[in-house]
1. Do we find a residue being over 25 Å from Q59 (Cβ atoms) and part of a helix (DSSP H, G or I) anywhere in segment 213-220?
2. Looking at segment 51-69, which of its residues are buried (at least 18 other Cβ atoms within 10 Å of the Cβ) and either over 20 Å from L190 (Cα atoms) or of a type in the set (K, R) (or both)?
3. Do any residues in segment 47-62 that are of a type in the set (D, E) have Cβ atoms under 7 Å from those of residues that are open to solvent by 60 Å² or more (accessible area, probe 1.4 Å), where the two are at least six apart or on different chains, and which pairs are they?
4. Would you pick out the residues in segment 243-253 that are out of contact with any Leu (no Cβ under 9 Å at 6 or more places or on another chain) and more than 11 Å from A338 (Cα to Cα)?
5. Filter segment 18-34 down to the residues that are farther than 11 Å from L207 by Cα and either within 11 Å of the ligand (Cβ to nearest atom) or modelled with pLDDT under 95 (or both), then identify the one that is surrounded by the most Cβ atoms within 10 Å (Cβ to Cβ).
6. Let me confirm something: among E160, E206, which residue is more than 14 Å from the ligand (Cβ to nearest atom) and part of a helix (DSSP H, G or I)?
7. Which of the residues spanning segment 310-344 are part of a loop (DSSP other than H, G, I, E, B) and in contact with an Asp or Glu (Cβ under 6 Å, 6 or more places away or on another chain)?
8. Across segment 127-157, which residue is nearest to the ligand (Cβ to nearest atom) among those that are part of a strand (DSSP E or B) and either within 20 Å of R33 (Cα to Cα) or of a type in the set (D, E) (or both)?
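The values are calculated or read from the model by the stated rules, or taken from the named source; none is laboratory data. Everything numeric in this text was worked out from a predicted model, so none of it was measured. Glycine also receives a Cβ, built like all others from the backbone with ideal geometry; neighbour counts cover every protein chain displayed. Remember, those area values only see protein heavy atoms, side chains included, never the ligands or the DNA or RNA. Shrake-Rupley method; radii C 1.70, N 1.55, O 1.52, S 1.80 Å.
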Amino acid sequence: MAVRVRFAPSPTGSLHLGNALTAVANRRFADERAGVLVLRIDDTDPKRTVEGGEEAILQDLEWLGIGFDEDSVRQSERGELYAMAAERAIASQAAERDPEDAVRLRGGGATLLRADGSATYQLASVVDDLTLGITHVIRGSDHRPNLELQQRMARAIGGELPEVIHHGLVLGTDGKKLSKRHGHASIADLRDEGFPPEAVRAYLDELGLPDHDVHLDLARLRRLATDAIAAMGDEELAAAAQAPLEAVPVLRGARSLVEAREYAKIVVEPDRVDLPSEAQVTLERFAELRTVAPEHLSPDEARAVLRELKAVGGDLRSLRLALTGAAKGPELWAVLAAVPRDEALARARRAVSA
Ligand code: GLU
């Protein structure tokens with residue numbers, strides 16, 4: 001039987017890392033079996049529906065590179081299907097209508113339809129899993145308590161729940177449930193913190209389908225971010241950092257895209273500095289060396305200029321301040337490789353002209 005899986009977020013806003021793990025795991029499960037992945041929006045509970053929440057999720061999924069193979073399904077548009085399923089359960093005596101008009105399972109009491117006729121999450125989820133021909137439900141272990149009830153509901157409406165695989169949750173580094181307080185709890189947080197999507201995706205792929213809850217391993221995620229930045233092509237990296245192509249030599253050493261943007265600013269429009277007159281000698285030496293070197297320096301040429309400057313007693317700290325306006329930042333040779341000759345000379349002049 002062809003594999004069909006679904007990712008079923010409630011539209012509560014940007015995906016938590018654990019939900020993103022569910023999405024990635026479903027995508028991989030389908031891909032490895034030439035199967036189909038469907039996006040189902042679980043929007044039957046107005047309390048859990050946040051304005052803009054669905055858009056945020058769609059943006060996250062696209063950012064992570066997770067595509068879907070069929071049109072998405074929205075639970076709020078499928079009320080009729082759920083009502084019909086509840087009628088079937090009543091007809092087969094598996095469920096009954098209570099005096100308030102809600103439909104409940106016999107002997108157990110779980111609600112299928114509320115008194116106002118709307119379906120509960122449990123019923124809607126089961127009806128969708130059956131009618132969409134889902135073969136495997138893959139979701140977080142926080143849904144384990146729903147399993148037995150959903151199996152009974154499936155039987156009550158004349159079907160059988162597909163195989164269900166629960167995976168461990170992603171907890172904060174402190175082992176507590178991920179929350180806003182932790183930062184980096186949601187995909188939007190990680191994006192804002194400058195993690196490249198490739199790194200987040202690679203991290204979630206590495207986690208696979210954990211049997212038990214896992215603690216977020218920030219060090220690993222950061223390592224993957226550095227790797228992802230190093231692996232980007234020049235144009236891709238410049239675009240990701242919103243920087244001009246010439247800034248690429250400094251961007252390469254950044255540990256996040258936020259840091260890459262800071263580095264780019266150093267190259268493009270550094271803060272002005274006024275250096276004490278002691279810096280003059282260094283900057284004049286630098287100007288002599290830089291004038292006779294090519295307009296754009298390769299990494300080796302840039303290192304050679306620095307070597308020669310040091311050899312004549314130049315103070316690299318002053319040079320860094322003059323070129324970048326800051327005491328710290330990307331490696332100095334990378335700055336030299338990113339800033340063209342005339343601009344470098346102008347900055348050196350400007351820093352001691354006050
Ligand atoms: N809407 C549920 C959630 O976001 C999905 C539950 C399921 O996958 O069955 O947790």
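1. Within segment 213-220, one or more residues are over 25 Å from Q59 (Cβ atoms) and part of a helix (DSSP H, G or I).
2. Within segment 51-69, just F68 meets the criteria.
3. Listed by first residue and then by second, the contacts come to nothing, as the list is empty.
4. Across segment 243-253, the qualifying residue is only G253.
5. N26
6. E206
7. G325, P340
8. R139
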